[in-house]
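Single-structure report; data block below.
The values are calculated or read from the model by the stated rules, or taken from the named source; none is laboratory data. Only a predicted model underlies this, so the values are computations on that prediction, with no experimental measurement involved. When we count neighbours, we look across all protein chains shown, and the Cβ atoms used for this are built from the backbone with ideal geometry, even at glycine. All accessible areas refer to the heavy atoms of the entire protein, side chains included, with ligands and DNA or RNA removed. Shrake-Rupley method; radii C 1.70, N 1.55, O 1.52, S 1.80 Å.
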Amino acid sequence: AIFNPIIAQTELVEEGAFVRTAAHSVTFSAAQQQKIDRLIKQFADSGINSPSVKDAQAAVGEDVYFALVDLGELRPLSDSVVYAAAEYRELMQKIVDFIRANGQITAGEVRDLLGTSRKYAIAFLEHLDQQKITRRVGDARELLKTDISFEW
């Protein structure tokens with residue numbers, strides 16, 4: 001907002017919280033891209049029981065990991081739980097669809113719905129709360145937003 005007059009007069013592009021020159025894009029070396037491709041495949045193969053943040057950082061390096069987060073390719077839910085964007089959207093949509101159909105969802109229902117452990121179920125529910133998509137009511141969550149889209 002503060003930089004809008006500057007952006008309008010230059011060749012800068014605003015992308016969310018970031019500003020870049022119009023010609024700039026993040027590129028990875030061939031070796032980095034191979035590691036990224038292996039990691040993304042690992043996320044796809046793992047489904048709900050994704051590699052940990054620590055494992056993801058070890059697989060591609062911390063700098064690349066944080067670049068992937070900034071680019072929206074990885075979606076961390078907590079200090080230990082992270083998903084590739086595609087799996088994140090799919091799993092979050094399942095939870096939201098369940099809440100829409102049933103009015104609310106509990107940690108046990110998330111665990112059963114996604115076929116996972118309590119660790120991942122709680123991470124998803126707390127993330128939904130932090131994003132102000134849901135709110136906790138007793139042991140359940142209900143939707144705060146009705147116009148939810150996971151397309152980014």
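Table for the structure above
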quantity: Among the residues listed as L113, L74, L144, the single one being open to solvent by 60 Å² or more (accessible area, probe 1.4 Å), free of Cβ contacts under 8 Å to residues at least 40 places away in the same chain, of a type in the set (A, V, I, L, M, F, W, C) and in contact with a helix residue (DSSP H, G or I) (Cβ under 7 Å, 6 or more places away or on another chain); calculated: L113
quantity: Residue match in the stretch 53-76 (condition: over 23 Å from V26 (Cα atoms), at pLDDT below 95 and not in a helix (DSSP H, G or I)); calculated: no
quantity: Test for A84: is it out of contact with any Ser or Thr (no Cβ under 8 Å at 6 or more places or on another chain) and among the hydrophobic types (A, V, I, L, M, F, W, C); calculated: no
quantity: Residues satisfying the stated conditions in the stretch 82-113, i.e. outside any helix (DSSP H, G or I) and within 14 Å of L39 (Cα to Cα); calculated: V82, Y83, A84
